[in-house]
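Novice: One structure coming up, written as structure tokens, with questions to follow.
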Amino acid sequence: MTSPDPVPTLDPALLRTTFGRFPTGVVSVCGQVDGVPVGFAASTFVPVSLDPPMVAFCVQHGSSTWPRLTGLPRLGLSVLGEGHEGAARSLAARTGDRFAGLELELDPSGAVFLHGSAAWLECTVREEVPAGDHTIVLLDVHALRTHDVEPLVFHNSSFRLLAPHVLQAPAP
């Protein structure tokens, strides 16, 4: 077996800019700790499997919030939608009340959802995989609900909405 090539040292600013060229959705990851909402925003959400239903997101190793959520029986993931730019910024803040002014649904399971979201997923943690300076969190989806709301997109360090029209493939 051969060892892999050494990983090159890349300019962190250029790497962040390059990764920012890929548009992503934004989700809130929230649960109740002693009856109080706790959570954060993540732009590293990805559907993983239809059978069984699974999704994943990544969380930075230095997160002070994730250790409070990881052992909860249920987490609520809300796919942030049109009008949630402020919510995304609030949930990503390192200080202050992340939930100030947000309309929430506190589920009896312990999951917390944001009103006005494009979708809600009630999940449990299946596995956590260390990956560089982040952890990949794999979740089982137990329940879900979709809403007629356009999703919020994060691209080039800015929040954007999808265009209201569909691009057509060129005629052959």
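The values are calculated or read from the model by the stated rules, or taken from the named source; none is laboratory data. As the structure is a prediction and not an experimental result, all values here were calculated from the model. For neighbour counting, all protein chains shown are included, and Cβ atoms are generated from backbone atoms with ideal geometry for every residue, glycine included. Remember, those area values only see protein heavy atoms, side chains included, never the ligands or the DNA or RNA. Shrake-Rupley method; radii C 1.70, N 1.55, O 1.52, S 1.80 Å.
Novice: Please list, ordered by first then second residue, the pairs with beta carbon atoms under 7 Å, 6 or more apart or interchain, first in the range 3-29 and of a type in the set (Lys, Arg), second at pLDDT 85 or above.
Specialist: Cβ pairs passing all conditions: Arg21/Asn156.
Novice: Return yes when Ser117 is open to solvent by less than 40 Å² (accessible area, probe 1.4 Å) and of a type in the set (S, T, N, Q) and no when it is not.
Specialist: Working: open to solvent by less than 40 Å² (accessible area, probe 1.4 Å): yes; of a type in the set (S, T, N, Q): yes.
Here the answer is yes, as Ser117 does meet what is asked.
Novice: Separate question: Being farther than 21 Å from Leu152 by Cα and not in a strand (DSSP E or B) is the filter here; which residues of the range 11-63 pass it?
Specialist: Asp11, Pro12, Ala13, Leu14, Leu15, Asp34, Gly35, Asp51, Pro52, His61, Gly62, Ser63
Novice: As an exercise: evaluate Arg94 against (1) at pLDDT 95 or above; (2) in a loop (DSSP other than H, G, I, E, B) and give the number of the one condition it does not meet.
Specialist: Failing condition for Arg94: (1).
Novice: Out of the residues in the range 131-162 meeting the condition of being at pLDDT 95 or above and among the polar types (S, T, N, Q), tell me which one is nearest to Leu72 (Cα to Cα).
Specialist: Thr135
Novice: Of the residues Gly25, Gly35, only one is in contact with a Pro (Cβ under 6 Å, 6 or more places away or on another chain) and either open to solvent by 30 Å² or more (accessible area, probe 1.4 Å) or under 18 Å from Arg160 (Cβ atoms) (or both); which?
Specialist: Gly25
Novice: Among the candidates Leu72, Leu50, Leu91, Leu80, which residue alone is over 16 Å from the mean Cα position of the chain (by Cα) and open to solvent by less than 50 Å² (accessible area, probe 1.4 Å)? Give the derivation first.
Specialist: On the way: Leu50 fails: open to solvent by less than 50 Å² (accessible area, probe 1.4 Å); Leu91 fails: over 16 Å from the mean Cα position of the chain (by Cα); Leu80 fails: over 16 Å from the mean Cα position of the chain (by Cα).
That would be Leu72, the only listed residue that is over 16 Å from the mean Cα position of the chain (by Cα) and open to solvent by less than 50 Å² (accessible area, probe 1.4 Å).
Novice: When you scan the range 146-164, do you find a residue that is part of a loop (DSSP other than H, G, I, E, B), of a type outside the set (D, E, K, R), open to solvent by less than 30 Å² (accessible area, probe 1.4 Å) and over 14 Å from Val38 (Cα atoms), even just one?
Specialist: No, the conditions are met nowhere in the range 146-164.
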